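The values are calculated or read from the model by the stated rules, or taken from the named source; none is laboratory data. Owing to the predicted nature of the structure, the values given are computational and were not obtained by experimental measurement. Positions of Cβ are backbone-derived with ideal geometry, glycine not excepted, and every protein chain shown enters the neighbour counts. The area values use the complete protein model at the heavy-atom level, side chains included, leaving out ligands, DNA and RNA. Shrake-Rupley method; radii C 1.70, N 1.55, O 1.52, S 1.80 Å.
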Amino acid sequence: MRGDRVYDVPFARRGSVLDDTEFRALTEVLHSDAPLSMGKWRTAFEDEFRTLVGARHALSVTSGTVALEIAIALLDLRPGDEVVASPQTFQATIQPLLDLDVRVRFCDVDPYSLNMDPNRLADLITERTRAVLLVHYGGWPAEMEAVMDLARARGIVVLEDCAHALGAEYRGRRPGALADIACFSFHSSKNITTLGEGGMITTDRDDWAERIERRRSNQVDGVFTGSPAPPGDVPALLPWMQYSAYIYRESCEWVRRSGTNATLSEAAAAVGLAQLAKLDAFVARRRQITARLDEVASAHPGVRVQRPGSGIGHAHHLYTCFVPGGPEARTRLVRALDERGVEIQLRYFPLHLVPEWRTRGHGPGECPTAERLWFTEQLNLPCHPGLTDRQVDHLVEAFSDSLDEVLPVGAMSLPRQGGSV
């Protein structure tokens, strides 16, 4: 819905489907006498998520943005450090870096996946590079083997933004366990939701898991020791004081950051647990819609669709294709789709061109591939399990008719690259 308009085929306001399963989960939570915070549903949700992803630790928080804030804080970046990031992502991926005196180098994208291009990454790494922040755009996993080989050889930390990638696969593994640390979003539009907001951090590092647990639980992210005991003039603790004085007998060597309350509620965790059981069905529906749209696109010369190579399982959080004919043709196509009742949202504006990053010295020409595709070719269509069969039929017909109307006659396909068409 844009303004007062209701579209026949809306973009995702809910990226999953909620039904009686989630209602029963909420009923169980509300009818129990268990705490509504930090209880068994959160534990169960995190356990299932950790098993699914294949990571040693999974810690839930209140949003994907909070997950990224906490994860980036773990990097302990210092003034003068450098971070390489993808420009083709939502602002939250790198927004915490605006609070730090660090230099961000934007890495241009692969023209098919829109993920960080490892060939460009190598040229951006310097002796001051401390981290790489990448996103699995639209649910297509980034080329992690190449990225990790570069990072491991230089002691660089890699953070995966997996907001789009739940349900994807990469060479027998899943996003969330491909790098040093990863963040997921359970926003209403994502592949599963925890009542509209929520997030998860996954990592194999025990020390980071301990620091995440402290920060999300309103404790201090610091270095503590078990001794010495409190000064002799401090009264001894009674048994009933233990809960409030959980670290009373510890000494703090130094404080990195204050804590916050980022606890995912039990109701949200229960819904997340129910949604997780449906993930395969949700992804299958997205792939079904994608296959129909790809069939239409492939029948029109010059239109490129995303087809990952062998070993890559696309989660299809976003449906992305690329149309020939320049910005005028793309604009005409978007308008034709809009007139046929299909809501279009193009995602995401290259971050190196937004005002807050331009004030840091970034601007046009820095990532030419991302800029060219965004302003001239990229098209995102609705693709989510909430679409009915009738809506999908309407979407496919509208896409075909719009391409027939707009596609320049005799447009030629670009050469194939990277196993994609």
Task: Single residue of 27, 43 found to be over 30 Å from residue 395 (Cβ atoms), open to solvent by 50 Å² or more (accessible area, probe 1.4 Å), of a type in the set (Ser, Thr, Tyr) and outside any loop (DSSP other than H, G, I, E, B) - done: 43
TODO: Answer yes or no: is there a residue in region 87-99 that is under 22 Å from residue 306 (Cβ atoms), open to solvent by less than 10 Å² (accessible area, probe 1.4 Å), without any contact (Cβ under 8 Å) to a residue 40 or more places away in the chain and assigned to a helix (DSSP H, G or I).
DONE: no
- [ ] Starting from region 202-221, take each residue that is on the phi < 0 side of the Ramachandran plot and list its partners that are assigned to a helix (DSSP H, G or I) and charged (D, E, K, R), counting only C-beta distances under 9 angstrom and pairs at least six apart or across chains.
- [x] 202/50; 219/213; 220/214; 221/211; 221/214; 221/215
- [ ] Using the structure shown, decide if residue 92 is within 30 Å of residue 369 (Cα to Cα) and among the small types (Gly, Ala, Ser).
- [x] yes
Open item on the list: Please list, ordered by residue number, the strands (runs of 3 or more DSSP E) wholly in region 166-229 having 2 or more residues that are surrounded by 18 or more Cβ atoms within 10 Å (Cβ to Cβ).
Closed with: 181-185, 199-203
- [ ] Determine which single condition residue 370 fails, assuming it passes every other condition in (1) within 18 Å of residue 85 (Cβ to Cβ); (2) among the hydrophobic types (A, V, I, L, M, F, W, C); (3) assigned to a loop (DSSP other than H, G, I, E, B); (4) open to solvent by less than 50 Å² (accessible area, probe 1.4 Å).
- [x] (3)
- [ ] Identify the single condition in (1) of a type outside the set (A, V, I, L, M, F, W, C); (2) free of Cβ contacts under 8 Å to residues at least 40 places away in the same chain; (3) under 23 Å from residue 273 (Cβ atoms) that residue 176 does not satisfy, given that it satisfies every other one.
- [x] (2)
- [ ] Can you give me the number of residues within region 132-165 that are closer than 22 Å to residue 318 by Cβ and assigned to a loop (DSSP other than H, G, I, E, B)?
- [x] 9
TODO: Return the total of residues in region 326-362 being among the small types (Gly, Ala, Ser) and within 22 Å of residue 395 (Cα to Cα).
DONE: 3
Open item on the list: Looking at (1) touching a His at 6+ places or on another chain (Cβ under 7 Å); (2) open to solvent by 30 Å² or more (accessible area, probe 1.4 Å), which one does residue 362 not meet, given that it meets all the others?
Closed with: (2)
Task: Yes/no for residue 74 being touching a Ser or Thr at 6+ places or on another chain (Cβ under 8 Å) and modelled with pLDDT of 95 or more - done: no
Open item on the list: Take the residues in region 114-128 that are open to solvent by 10 Å² or more (accessible area, probe 1.4 Å) and part of a loop (DSSP other than H, G, I, E, B); name whichever of them is farthest from residue 162 (Cα to Cα).
Closed with: 127
TODO: Within region 235-253, identify whether any single residue is open to solvent by 50 Å² or more (accessible area, probe 1.4 Å) and modelled with pLDDT of 90 or more, and answer yes or no.
DONE: no
TODO: Among the residues of region 19-72, write down those that are small (Gly, Ala, Ser) and touching a Cys at 6+ places or on another chain (Cβ under 8 Å).
DONE: 64, 67, 71
TODO: Would you mind stating whether residue 363 is in a loop (DSSP other than H, G, I, E, B) and at pLDDT 95 or above?
DONE: yes
